[in-house]
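Below is one structure, written out as structure tokens; comments come after it.
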Amino acid sequence: MISLERFALNRITAPSLTLPQFYDLVAELGLHKVELRNDLGRGDVLDGMTPAEATALAGSRGIEVISINALQKFNLASMRANAAGDLERLLDIAAGVGCPAIVLCPNNDGTDARGQEQREAETIDALAAFGPLFTRRRVFGYVEPLGFSISSLASLVVAQRAIRASGCRCYRIVLDTFHHHIGPDDEATVGGAYDVATTGLVHVSGVEADIPAGEYRDEHRVLVGQADRLGSRQQIRRLEALGYTGDYSFEPFSPAVQRLARPELLAALKTSLAYLRE
């Protein structure tokens, strides 16, 4: 059985809760790890708290912040200056709350006219440019391939190759069970062309909608149960067999999960945790 200590809750699970309420929910689940976000409400990672206040709050609940989501469009050269400024601000917050990692999301826009070669080159350039910033702050950058057809970085293998080409050692990869399922890599990729040791974090969600995989969107991402079409539990078992020892973080975007009343959400999370850990 996978240790409960290796599971985290991404704040997207319950975006309407205040930070104290969210931490209370996490603690009641018996968890101690969270991912914070900069895309909820006013985009304030700490809900208006100072880093010192947020750190004290987390400490009072036994909570550790394992990542902040996310630096968006990090691999779009035309947005490099803006991304660098956003990254500096996120690094300040991470340093203030003792967070070890920031998630980097690629450009995911259907109007992106760049060819694949240019997309990969700009990804490498961005990683090389941002690497010294991460290294100086002693924070990791977690590169998250998004499997959508319009994504500029959809493959774990391409992400791994870009990190190696950047020459920076401050990067790891987020393997998202949703994006891995809908993306270009097959199951043999993990443990084959993709080195599991490159993984810094695993995002976990499920899909139960009876629609083609090519139509899956964030709003379909629910908690993982027996009706999951992504095979997320099987993906986790494979990662465990291949030696992955890192954390798993729940990241359900579905309004059906987010709108659950607190007792129902707590029960649903406990059920999903039990299913994934067995």
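Some points to look at:
- Most simply put, the stretch 4-277 has about 10% antiparallel DSSP beta bridges, counting only bridges with both residues inside it.
- Within the chain: Cβ-based charge dipole about Cα centre, in debye rounded to nearest 20 (Lys, Arg +1; Asp, Glu -1): 540 debye
- Per the Debye calculation on the stretch 209-270 with a single equal scatterer at every Cα and no solvent contribution, log₁₀ I(q)/I(0) for q = 0.18, 0.27, 0.29 Å⁻¹ amounts to -0.78, -1.21, -1.26.
- Each helix, a run of at least 4 DSSP H residues, gives -39500 (n - 2.57); summed and divided by the residues of the chain, these come to -12000 deg cm²/dmol at 222 nm.
- By the count of neighbouring beta-carbon atoms within 10 Å, fewest first, Phe130, Phe22 end up ordered Phe22, Phe130.
- Two-decimal Rg/Rh across the chain, once Rg and the Kirkwood Rh are taken from alpha-carbon atoms: 0.94
- Span-rule helices in the chain, defined as complete DSSP H runs reaching 20 Å or more along the axis (Cα) with Kyte mean at least 0.0: 80-97, 262-277
- Ranked from largest, the principal axis spans of the Cα set of the stretch 5-56 equal 29, 22, 17 Å.
Each reported figure results from applying straightforward, stated rules to the coordinates on display, with no laboratory input. Quantities reported herein were computed from a predicted structural model and do not represent experimental measurements. Every residue, glycine as well, gets a Cβ built from its backbone with ideal geometry; the counts of neighbours run over all protein chains shown.
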